[in-house]
1. Could you name every one of the helices (runs of 4 or more DSSP H) located completely within segment 173-290 that has at least 3 residues being touching a residue at least 60 places away in the same chain (Cβ under 8 Å)?
2. Please go through segment 95-110 and pick out each residue that is on the phi < 0 side of the Ramachandran plot and either in contact with an Asp or Glu (Cβ under 9 Å, 6 or more places away or on another chain) or small (Gly, Ala, Ser) (or both).
3. Filter segment 85-115 for residues that are surrounded by fewer than 20 Cβ atoms within 10 Å (Cβ to Cβ) and among the small types (Gly, Ala, Ser) and give the result.
4. Suppose we filter CYS21, CYS34 for residues that are part of a strand (DSSP E or B) and either modelled with pLDDT of 95 or more or touching a strand residue (DSSP E or B) at 6+ places or on another chain (Cβ under 6 Å) (or both); which single one remains?
5. For segment 118-148, give me each residue that is closer than 30 Å to ILE3 by Cβ and either modelled with pLDDT of 85 or more or not in a loop (DSSP other than H, G, I, E, B) (or both).
6. So which pairs qualify, if the first residue must be in segment 26-51 and closer than 19 Å to ILE79 by Cβ, the second must be among the hydroxyl-bearing types (Ser, Thr, Tyr) and part of a strand (DSSP E or B), the Cβ gap must be under 8 Å, and the two must be at least 6 apart or on different chains?
7. Output the residue which, of all residues in segment 112-130 that are without any contact (Cβ under 8 Å) to a residue 60 or more places away in the chain and within 17 Å of the chain's Cα centre (by Cα), is nearest to ARG145 (Cα to Cα).
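The values are calculated or read from the model by the stated rules, or taken from the named source; none is laboratory data. Keep in mind it's a predicted model, so treat the numbers as computed, not measured. Methodologically, a virtual Cβ is constructed for each residue, glycine included, from the backbone with ideal geometry; neighbour enumeration extends over all protein chains shown.
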Amino acid sequence: MIICHIWDADYPWDVRVEKICDSLAKKHEVHLVCRNSKRSPRYEYAKSFHIHRLPFVSERFGSLNHLIGFPAFFNPFWIYSIWRTIKQTKAEVILVRDLPLAWTALGIGRLLGLPVVLDMAENYPAMIKDLWDRQGFSLVNFLVRNPAVIGFIERTTVRWCDHILAVVEESRDRLISLGVDPARVSLVINTPTSARWTEPPRDAGVGVLRGPQSLVLVYLGLLEWARGIETAIRAIQPVRERLPGVKLVIVGSGRHEGDFKRLVDQLKLHDSVQFLGWLDYSKAIEVIRESDVGLVPHHATESWNTTIPNKLFDYMSMGKPVLVSNAKPTERIVREERCGMVFKERDAEDLARAILALERKDAREEMGRCGRDSVAKRYNWAVDEERLLRGLDRAVESRKR
């Protein structure tokens, strides 16, 4: 089977896109259509699948290149690139990631009589609402990030597409509550490949500063308000009164990075909070290896109550105990697998309590073992790869009936 996978950002890199393409390529021919804001070669063969990038213009035209690649269903550059790739490769199924280009995929799929599968990695309307809650009203948000419009696109998309890949059980339940037939939904979780818990360390000394009595917590991900980083920073202040060697290491970048750095300045926590910036994935993984505890402090908004971050399973796969907020998926998994502690979202005092509960090394090691075992047995990509392949087969079979 020949598959056209549509991804609305640049590739490389996205861990879910890579895993899905690599897995599908074991049995099928995969062609990825993606954005080209970095002006990369238009075509490339990457390890196991084909990459078809959008056209680009010279740097002297400034931001025009971003406009060309803007992921809107009516963008003619996307429409032409997807259509051209499908016709040239004789693709038999379309797999589209998230909502921005879902209508484009559905329109082309209907015209060509091809099944369309939606990979719903995010609750997009809720994610955009989180952005509005922090930034407030703006004309740009109203025009291109309007939760009401995106909600309408979602409702029509889940009704018209042939199959949906849901990223976590709570997302699947939400889709069913919207009227989607459970048979049209496959669970494909953001779990790690087996290499994550078997590969040896690659890079030594990636920048984590720690003393002999330190307790190092790591946050890995985008630096945005709804991800609860403010709560994590504020929790460090009371913890270090009892544990002077506590350290919060923050890996990533994002739209609210400056706000978090100003908060560290305000609280005079420079010795206890370290920003490493954006790191490539292999270096970020080494930071996790050098740390003691993995942190997922997300706000329990509708968005984070219906999705799951990759980093939770990255922490678990490397035997790190996890501290998570009471967003529904993370709380459920941590309590079921007994691999960490849960704290009340946006509550720095409760997070401080949870951090202090992990002061004992033997407690951390026991929780870390539980997390690692659960990844080896249940939360791993070998399991989700099978569900992915079955989901694509169901989409094709349903169209034939």
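1. On the way: elements: 195-198, 229-242, 257-267, 281-290.
Helices (runs of 4 or more DSSP H) meeting the threshold: 229-242, 281-290.
2. First, pick out the residues of segment 95-110 that are on the phi < 0 side of the Ramachandran plot: 95-97, 99-110.
If the condition is that a residue be on the phi < 0 side of the Ramachandran plot and either in contact with an Asp or Glu (Cβ under 9 Å, 6 or more places away or on another chain) or small (Gly, Ala, Ser) (or both), then LEU95, VAL96, ARG97, LEU99, PRO100, LEU101, ALA102, ALA105, GLY107, GLY109 are the ones that fit.
3. Selection gives GLY107, GLY113.
4. Numbers: CYS21 fails: part of a strand (DSSP E or B).
Only one candidate passes the filter, namely CYS34.
5. Start the filter on segment 118-148 by keeping residues that are closer than 30 Å to ILE3 by Cβ, which leaves 118-128, 144-145.
Those that are closer than 30 Å to ILE3 by Cβ and either modelled with pLDDT of 85 or more or not in a loop (DSSP other than H, G, I, E, B) (or both): LEU118, ASP119, MET120, ALA121, GLU122, ASN123, TYR124, PRO125, ALA126, MET127, ILE128, VAL144.
6. These pairs meet every condition: ILE51/TYR43; ILE51/TYR45.
7. That would be ILE128.
Quick grid of which residues meet (1) surrounded by 24 or more Cβ atoms within 10 Å (Cβ to Cβ); (2) touching a strand residue (DSSP E or B) at 6+ places or on another chain (Cβ under 8 Å); (3) more than 26 Å from TRP13 (Cβ to Cβ):
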{"site": "LEU279", "(1), (2), (3)": "no, yes, no"}
{"site": "GLU286", "(1), (2), (3)": "no, no, no"}
{"site": "PRO297", "(1), (2), (3)": "yes, yes, no"}
{"site": "SER303", "(1), (2), (3)": "no, no, no"}
{"site": "THR306", "(1), (2), (3)": "yes, no, no"}
